[in-house]
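In what follows, a structure is listed as structure tokens, so that the remarks can point back to it.
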Amino acid sequence: MLLPTSSVRKYAGAAQDAIVAGRELRVEAVLEGNIQRVGNRIRATVQLVSVRNEAPLWAEKFDVEFRDLHGRGRRLGTSGASADPETDP
């Protein structure tokens with residue numbers, strides 16, 4: 001289940017634990033990560049984490065040139081969608 005942006009907006013920029021937020025929102029998994037710009041490159045580290053047992057379900061690192069970011073965003077959406085909280089630990 002994906003929640004609308006309005007449901008999660010209060011967590012944006014907050015220093016709150018993603019697992020706590022996931023429990024409050026009653027979701028099975030949360031996506032967390034960080035993005036850094038280094039020169040003309042973007043580095044992103046993301047992971048999908050089970051709220052129930054705090055175990056990582058999927059994780060990936062991206063290091064791309066800024067001009068290629070749109071294509072990588074599409075790849076991130078496809079990769080993350082393949083992680084199924086129902087079947088993964």
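The values are calculated or read from the model by the stated rules, or taken from the named source; none is laboratory data. None of the values given here were measured: they were computed from a predicted structure. Positions of Cβ are backbone-derived with ideal geometry, glycine not excepted, and every protein chain shown enters the neighbour counts.
The set of residues in region 35-65 being farther than 20 Å from Asp17 by Cα, surrounded by 17 or more Cβ atoms within 10 Å (Cβ to Cβ) and touching an Asp or Glu at 6+ places or on another chain (Cβ under 8 Å) consists of Ile42 alone. Scanning region 4-28 for residues that are among the hydrophobic types (A, V, I, L, M, F, W, C) and under 29 Å from Phe66 (Cβ atoms), we see that the one that is surrounded by the fewest Cβ atoms within 10 Å (Cβ to Cβ) is Ala15. Count, please, the residues in region 37-57 that happen to be modelled with pLDDT of 95 or more and part of a loop (DSSP other than H, G, I, E, B). Summing the residues that are modelled with pLDDT of 95 or more and part of a loop (DSSP other than H, G, I, E, B) in region 37-57 gives 5.
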